[in-house]
Amino acid sequence: MIKKFDKKDEESGSGSNPFQHLEKSAVLQEARIFNETPINPRRCLHILTKIIYLLNQGEHFGTTEATEAFFAMTRLFQSNDQTLRRMCYLTIKEMANISEDVIIVTSSLTKDMTGKEDVYRGPAIRALCRITDTTMLQAIERYMKQAIVDKVPSVSSSALVSSLHMVKMSYDVVKRWVNEAQEAASSDNIMVQYHALGLLYHLRKNDRLAVTKMLNKFTKSGLKSPFAYCMLIRIASKLLDETEAGHDSPLFDFIESCLRNKNEMVVYEAASAIVHMPNCTARELAPAVSVLQLFCSSPKAALRYAAVRTLNKVAMKHPSAVTACNLDLENLITDSNRSIATLAITTLLKTGSESSVDRLMKQISSFVSEISDEFKVVVVQAISALCQKYPRKHSVMMNFLSNMLRDDGGFDYKRAIVDCIISIIEENPESKETGLAHLCEFIEDCEHTVLATKILHLLGKEGPRTPQPSKYIRFIFNRVVLESEAVRAAAVSALAKFGAQNDDLCFAFLDDEVRDRATFYMNVLQQKQKALNAAYIFNGLSVSIPGLEKSLHQYTLDPSEKPFDMKSVPLATTPITEQKTEIAPVATSKLPEKLAPSRQDIYQEQLAAVPEFQGLGPLFKSSEPVQLTEAETEYVVRCIKHTFARHMVFQFDCTNTLNDQLLQKLTASPTVSPVPATL
Amino acid sequence: MGLLDKLSGWLGLRKKEVNVLCLGLDNSGKTTIINQLKPSNTQEQEIVPTIGFNIEKFKSSSLLFTVFDMSGQNRYRNLWEHYYKESHAIIFVVDSSDKLRMVVAKEELDTLLNHEDIRCKKLPMLFFANKMDLQDSMSSIRVSQMLCLENIKDKPWHICDSNAIKGEGLQEGLDWLQGEVFNNKTVTLGYKGREGQVKLCSECQFTHAY
């Protein structure tokens, strides 16, 4: 009967999603049939599927409606239909956090978990642990302990994995189950053993000694499960990394011995662990690399991929070791799997000699359009590394990059290319003109504001110093006319820099931000003061940006006769070089990352909040906090001295370190000691 | 529901299904009573406090009972009401040796009887004065006085002594309940479907959305 139903559904739906146009309210209305007796398992199953579908589509369920649906669902426990019951478990897990009183199903789940039906037991445990909180955990602790050592693997695994989830919530309770987990770790089932090891490790991971002990025990006794072996290798390499133990430690020997394991997964894990270790000698590296080399010619695509990916990652760190595999990597260039081929080529690019670059670049450009963005970024990064290594090859690279820039691609991909080109320009003066030309072409049709402003800033910086600045002005001017405000603002700033260098330019524009900036630069330019130009256009702002923001805000709040004084803004504490990189975002007036305000800015803000101090004017300087008491006393008092033009403010920070006392009515009575006349 | 189901229902071949709520304070013996009523091969060996509820099924001579055995603990009692609407009968269990908490039991009973899903229905109510084996237990008459059962005018009710551990008195109560469910025409039984429910609502003058 069910088969017939499915068939009909397939024909009418013609492959489209049968749940596409679900309405939440309609589904919840339908859920009322859960209350009917007798239960119709097939219909209820369908409705539960709809509810879970909606939940997973991100549909928001209000607490009341979710609770109502949940309680209706609890009635389905009276049916003995296996599929329906398991669907109920899924629903419980999905609704555990959005419905109230989910605890109501505890007894029903406990019954299923200890019952005779093995199909129910594992899923019931998982559902039960989702609805249980720390206070309730005590009530089911006994059942959990039994389940962990259950002889049915699915039950034992479910209990172990659920316990692992509970560790985050109630570590102290789960810690008491260590003996059971220990017993499960000697299970014959590979998954149970793996999960048991996982739980044991997470219970002990904060205690390095206990982890070492556990590793010793398991490396000696040996394990059946390859998954558990992989986990052991990871734990061991993490421990080696943390303790910075030498490579003569037994842990390293263990990892190396795993290279001779029968299981490929374990062998790969061990090789990858060794290759990723910092400061490995060539002799230690050799066996691991030769294993990876062997995998490169494996008929299994997954193994080839894993091997070449690992080699790719460490190609820069151990070029000589990876070069040994070059022959095998060459064979992979034509691999039918594009991901493997890409990784092979980029690895060769990183390790290969200068002579092979041309050939590899040709090879990769033949299929660059077929690979996904993620791998294209890998290619770009490889090229970027290559350019640093062989600066003379920049023309080949630049051509390739500009071709890539013209193709379709996401933001990350484009940004990688732009960054790469910029770094080439910065390191290689010869490539400047071609690079800038490519970038100019790119911004002609660029949908990413961030990249456009970045390039405009670069053009402003580099363009005026090129032999033919007028070439770039056309591109920048197009931006001013065509783009959104942020880009226009950046374009005007860039133009101004050209203008400051070559006096023959003049512009008029009409849009708020753009106009303000334009007039600002116009004024500066008209005054034709080279000094002023230098101050405002080239050096950027040497003041702290939050400080400037605040002062300007204050200035607009209470307008006074005198013009805004730039000098009243506290000077930036950040070095100028860093400041320079900030100019571009400032020009767009959209700070992507906010500068952390300096300490003084924080004080100024705090002081301004006190009404008595408002008439004191701008803060001149704040001293470092001075401790007036010992650090361990009951009340810690420290003092900060704020100097204003005509006033001095002492800020006493009094911290009460006692938990059970409340400090009230504090008074400060400063006594002025006689000052020596010489001061 | 298929035609065959309906047919077997009319001919009386299939047993009628009836939903029963089992309520009462914690430690009054609800789960033990239900456990005794189940066929002996499915009975639990040990009874632990119920958290939330359990669903149990068992047959009597002419009915198929689906019992919602609710938790009696204080913090879960407010969850009972989620299951009032679709029940056909109520079993209320009282620990007759617990004089002190008899007022609490009465309070819960009153809240139950005044609930809108219960008030207008003519549900048969079976009371078990449980734990008769204990020395200081009160008789069923005394229990019914303390709970003021005589004030229940609009519902058929019955109280009987029971000892859930031995199973004494349970069958008597169940037989009464079975008879009531059969005689009570207004109780909606599983196989009747929609017409039955509509009739029920027109009688109690409440409009429920179905």
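Residue by residue along A:33-44, Cβ atoms of other protein chains within 10 Å of the local Cβ number 3 on average.
Chains A and B together bury some 2200 Å² of accessible area, summed over both sides, with a 1.4 Å probe. Among A:111/B:59; A:111/A:175; A:93/B:106; A:168/A:262; A:414/A:471; A:175/A:220, which pairs are too far apart, with a Cα-Cα distance over 29 Å? Pairs exceeding 29 Å: A:93/B:106; A:168/A:262.
The values are calculated or read from the model by the stated rules, or taken from the named source; none is laboratory data. What you are looking at is a predicted structure, and each value in this text was computed from that prediction instead of being measured. Note that we place each Cβ from the backbone using ideal geometry, even for glycine, and neighbour counts take in every protein chain shown. Surface areas here come from the heavy atoms of the whole protein model, side chains and all, with no ligands, DNA or RNA. Shrake-Rupley method; radii C 1.70, N 1.55, O 1.52, S 1.80 Å.
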